[in-house]
1. Can you give the log10 of the normalised intensity I(q)/I(0) at q = 0.22, 0.32, 0.33 Å⁻¹, computed with Debye over equal Cα scatterers of the range 414-462?
2. Are there any GluC sites (Glu not before Pro) in the range 402-462 that are in a DSSP loop and have at most 15 other Cβ atoms within 10 Å? List them by number.
3. Would you mind calculating the gained length between Glu359 and Leu203 on full extension (0.36 nm times residue separation, minus the Cα-Cα distance), in nm to one decimal?
4. Sort Phe33, Phe39 by heavy-atom solvent-accessible area, probe 1.4 angstrom, most to least.
5. Assuming 0.36 nm per residue, please report the length gained on full extension of the stretch Ala526 to Gln367 beyond their Cα-Cα distance.
6. What is the gain in length, in nm to one decimal, between Arg443 and Arg114 on full extension, counting 0.36 nm per residue of separation less the C-alpha to C-alpha distance?
7. For the range 68-184, what is the largest minus smallest coordinate of the Cα atoms on each principal axis, given in angstrom and ordered from greatest to least?
8. Can you work out the accessible area per residue across the range 426-485, with the rest of the protein chains kept in place, probe 1.4 Å, in square angstrom?
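The values are calculated or read from the model by the stated rules, or taken from the named source; none is laboratory data. All values derive from a computational prediction rather than experimental measurement. For neighbour counting, all protein chains shown are included, and Cβ atoms are generated from backbone atoms with ideal geometry for every residue, glycine included. Note: accessible area is taken over every heavy atom of the protein model, side chains too, but ligands, DNA and RNA are not part of it. Shrake-Rupley method; radii C 1.70, N 1.55, O 1.52, S 1.80 Å.
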Amino acid sequence: MTKIVTMTVQGDQWGVRVSSRWLLAVYPFVHLFLDWISFIHELPPLNITPWNPPSGLAVAVLAIVGPRAVPVVWLSLTAGDALVRGLPVDFGTTLLSNAVIAGTYGFAAWVLCRRFGVSAGLGRVRDVVSLAAVAAIAAAVVGFGYIGLFTLQGLFPWSAFGPILVRHWVGEVIGITVLSPFLLVWLRMPSLHWSWRGVAEVLAQGAAIALALWADFGPLASDQYEYFYILFLPVVWVASRHGLPGATAAVLVTQVGLIVAIQVMEIETARMTHFQFLMLALTITALLLGAVVSERRRSEAWVRERQAEFAHASRLTEAGEMTAALAHEINQPLTAAMSYARAARKIAQRDGAPSQLSEILDKIVAQTERADRVIRSLREFVRKGESRREKLDMAVVIADAIALARPVVEQTGASVVTEIEAGLPWVQGDPIQLQQVLLNLMRNAAEAMADCPTNRRQLTIVANAAGQNGVEVSVRDTGPGLAELVERHLFSPFVTTKETGMGLGLSIARSIIEIHGGTLSAQRLAAGGTSFSFTLPMVSPDER
């Protein structure tokens, strides 16, 4: 469950992720601070208050860190009894009662993590319901054990067991449902986008909460405080606008404001349970509404992503159909040109034409035949997604691809260097398609170095054995390298930085390599430039 600690500031967003080690280091100090400020309207001499935020802190940390946080929680509870309450009972009883609390909440956090996945952060209505239900049950178990232990020692009469249990239970549940969701959501928040407009809205929402508290405890105040429902308005506003993160923050602010108002108005202790039940209803309502809003926004985002994927798939299908049709149309004039070239070669041989002319005609026929094979292979690949497989020597495939790419490379003034390991294992694949992959990578590398100084334009092709099961081929350039945005979407179809590009070359190249059972990847080189590498499995022993 260990998480990484990072703090990033990029443009208008920032994010904080905390590690379990850091949490365990600061937990005792935060626990003692919360224990000290919340020890109001207490039931002497125990830690029974109308709001117990240390319990919410404990459940959140136990959910994030895991069982190894139980001893830290136990010792922090004991330190609170010693420093805040002056160790009101004997040390052995204090250790035992705090062990009941730490153990019960540790088990509750384990159930939340293992059964409901809450450690990954609240995000669904189910998570909120699970947290509230487990908190209610765990607080009841803690109450029975904690209060029962001191009742057995004679600190309270058995006739007061029920009222004290209810008061303790509501304080614990409020502490957990208010603080635990806030910590679980905000400590796992990857980034927070802000703007001046957003800040103004948050300030307005905070002012609305303050106004509602003032109205409820000021001009509209009565002995029954029946206008408490006014607090629902700003909290619902925040939850509906900002989802679960906003709901957790609004609930926490409202609870703190409520405690401050009660202290300022000097409301008697006997009425605190009434307020806390109202606050519990407000908390659950806000959390459920926030979870519904967040879940709906995630669903809408998922639908938008799927729609974008379907649109890409549709465009790829159309591109495939167009490619197949284009290949068919090109193949006819290409076949005619090949026939004319062969006829011209025969006429030249018959009439005794110069050898130089015969040599040129031979090259025309050879290249026309190769173009015909490329078109046929492309058409079969687009229509069926199949490749012709045969045993290949990658050194030969690379040499042929370099010969074909030489005119493009020479136009950019780049030099070609090969580093081919001797005795490479044979691979199985379609030579035409693999040549097309190499041609695409070499063409991209040459074009990437077009703006570099002439003496730095070097294209390097490296081929070596990839472990015991394949061959790795890398095409490296000395260009400026990939931008971060381009690298993120490098192999996505229809994504290109070229003015005349279609954004299909790398996407098709990766598809070809994957159909051959390999992988294609790219990385920025430390010295500058980019390296595209693909792997191919070697021929199985039965086929050698």
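1. For the range 414-462, the Cα-only Debye profile gives -0.89, -1.18, -1.19.
2. Numbers: sites: Glu410, Glu419, Glu421, Glu447; in loops: Glu421.
When the GluC sites (Glu not before Pro) of the range 402-462 are filtered for loop state and at most 15 Cβ neighbours within 10 Å, Glu421 remain.
3. Numbers: separation 156, 0.36 × 156 = 56.16 nm, distance 8.23 nm.
Extra length available between Glu359 and Leu203 comes to 47.9 nm.
4. Details: Phe33 115, Phe39 45 Å².
Solvent-accessible surface, decreasing: Phe33, Phe39.
5. Length difference between fully extended and current span is 53.3 nm.
6. Values: separation 329, 0.36 × 329 = 118.44 nm, distance 5.20 nm.
My answer for the length gained is 113.2 nm.
7. Extents along the principal axes: 44, 30, 21 Å.
8. Details: 2550 Å² over 60 residues.
Accessible area per residue, the range 426-485: 42 Å².
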